[in-house]
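Here's the structure, in structure tokens; my notes come after.
What follows draws every value from the coordinates through simple rules; no lab data is involved. Values in this document were obtained by computation on a predicted structure and should not be read as measured data. We place every Cβ from the backbone using ideal geometry, glycine too, and count neighbours over all the protein chains shown.
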Amino acid sequence: MFSGISLTLMHQITALLLQPVIWGLLFFVALSVYEAGISIGERWGGIQRLTDARDRHALMRAGKRRIERADFITRLAPMLGLMGTLIPLGPGLAALGEGELRVLTTAMTVAFDTTVIGLLSGMIGFVLGRLRRRWYDNALTALESSHG
């Protein structure tokens, strides 16, 4: 049914993906922390300065860019977490079939760790995106009401 060559190639490609997935997850953790810091600055003055400048275009541009970054984190970090979950499970289950519980334990640990990291980053991105939408919507409303 399946060619041995294609299965071997598929397993090799999948095995090569684990390290980039882990680095990607670490990148998203760092990006989440960075974005959380940026959002503190937005909340306590950044958005107000844009509103006070009466530059609707700059306010909309900044809001769109920052909301898109939060959405990027929200969508991609959990996907990488799922990839990091599934990639080590194949070799882990194969090791179980051979009675090598230590390999299975390591694979399961990597699988759970990547899931948690991906979900954590995604949650931070989700919260930041929701907060930013509210903050920028309120700022646009305030800007428009002061013009009207």
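Each row is one residue, and each column tells you yes or no for (1) touching a residue at least 60 places away in the same chain (Cβ under 8 Å); (2) on the phi > 0 side of the Ramachandran plot.
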position	(1), (2)
VAL29	yes, no
GLU35	yes, no
GLY45	no, yes
ARG66	yes, no
ARG69	no, no
LEU96	no, no
THR105	no, no
Could you list, in sequence order, all residues of the stretch 114-143 that are in contact (Cβ under 8 Å) with a residue 24 or more places away in the chain, farther than 21 Å from ARG69 by Cα and surrounded by fewer than 17 Cβ atoms within 10 Å (Cβ to Cβ)? ALA142
Given the structure, is ALA77 in contact with a Phe, Trp or Tyr (Cβ under 9 Å, 6 or more places away or on another chain) and in contact (Cβ under 8 Å) with a residue 24 or more places away in the chain? yes
